[in-house]
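Visitor: Dropping the structure in here first, questions after.
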Amino acid sequence: MATFSNPRDTWNERYADPEYLFGEAPNAFVRATAPRYLRAGQSALCVADGEGRNSVWLAEQGLVVTAFDIAPNAVAKAQALAARRGVTVDHRIADLSTWDFAPESFDALVAIFIQFLGPEARELAFARMMSTVKPGGHFLLEGYRPEQLAYGTGGPGAVENLYTREWLVQTFRGWEIVALDAYDAVLSEGKRHSGMSAVIDLVARRPG
């Protein structure tokens, strides 16, 4: 991802391609992690969900899923994917900065590669996202580390948008950090995330 003067139009144009830019399969971290911490019947919010690969898969696992993205073309493709898979997801067009993160509304929040925010905006966005998780609920996050810039296989070109272990520990202070793993791995998620990548995964549980 990158920082754009008009992110809605930029991403909407990219998602106009009939091909799913990040593929139709769920993110590997979501696929491996969700069954360990989430269960059927729980509610989940997928932020900046793109074309629906993660929200649709979570719905297939029996979760009650709400998802949003800024790009109408992405949401339309997500809705089409859900229809093909025979599941229901509440897909909406919305911006991360204007979404109503109602307090303690979801059992889980899923944020995968949402690194389009600079540090100041990111602090506010994370505070709002964290507030909408119910006590005892989980926050699932995957993103790129600063080392990703050397790989150039996806993500923003702005190092300040990338996650470090120290920043995540500080941000989720007061929560139980269930898992925090930084590693390099080959990603194969459509043509936008392809090749060796420097990633970091977090699972955090809100006390209560």
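Visitor: Quick one: dipole size for the range 10-132, taken about the Cα centre, charges +1 on Lys/Arg Cβ and -1 on Asp/Glu Cβ, in debye to the nearest 20.
Guide: Dipole magnitude for the range 10-132 comes out near 400 debye.
Visitor: Treating the range 135-192 as a set of equal point scatterers at the Cα positions, no solvent, please give the Debye-formula log₁₀ I(q)/I(0) at q = 0.20, 0.21, 0.22, 0.29 Å⁻¹.
Guide: For the range 135-192, the Cα-only Debye profile gives -0.86, -0.92, -0.98, -1.34.
Visitor: Also, I was wondering about something else. Could you give the alpha-carbon Rg of the range 92-208 over 2.2 N^0.38 Å, rounded to two decimals?
Guide: Dividing the Cα radius of gyration by 2.2 N^0.38 Å gives 1.06.
Visitor: Continuing with this model, one more query. Using modelled amide H (1.01 Å from N, peptide plane; none on Pro or chain starts), what sits under 5 Å from the amide H of Ser105, excluding residues fewer than 5 places away?
Guide: Counting only residues 5 or more places away or on other chains, the set is Val133, Lys134.
Visitor: Turning to a different aspect of this structure: Quick check: at a probe of 1.4 Å, how many percent of the accessible area of the chain sits on carbon and sulfur atoms?
Guide: 51 percent
Visitor: Same structure, new question: Evaluate E = 1/(1 + (r/R0)^6) for Ala40 and Ala185, where r is the Cβ-Cβ distance and R0 equals 35 Å; express this FRET efficiency to the nearest 0.05.
Guide: E between Ala40 and Ala185, to the nearest 0.05, is 0.80.
Visitor: Please give the per residue accessible area of the chain, computed with a probe of 1.4 Å over protein heavy atoms only, in Å².
Guide: 43 Å²
Visitor: Moving on. How high is the FRET efficiency between Ala121 and Glu13 when r is their beta carbon distance and R₀ equals 30 Å, given to the nearest 0.05?
Guide: After rounding to 0.05, the efficiency reads 0.85.
Visitor: Once both labels are modelled 7 Å past Cα along the beta-carbon direction, what's the Val178-Ala80 spacing in nm?
Guide: Using points 7 Å along Cα→Cβ, the separation is 3.4 nm.
Visitor: How far apart, in nm, are the 7 Å Cα→Cβ label points at Glu166 and Thr98?
Guide: That separation, rounded to one decimal, is 3.7 nm.
Visitor: Rounded to the nearest 20 Debye, what is the dipole magnitude of the chain about its Cα centre when Lys and Arg each give +1 and Asp and Glu each give -1 at the C-beta?
Guide: 420 debye
The values are calculated or read from the model by the stated rules, or taken from the named source; none is laboratory data. Everything numeric here is computed off the predicted structure, so don't read it as measured data. For neighbour counting, all protein chains shown are included, and Cβ atoms are generated from backbone atoms with ideal geometry for every residue, glycine included. To get the accessible areas, we keep the full protein, side chains included, count just its heavy atoms, and leave off ligands, DNA and RNA. Shrake-Rupley method; radii C 1.70, N 1.55, O 1.52, S 1.80 Å.
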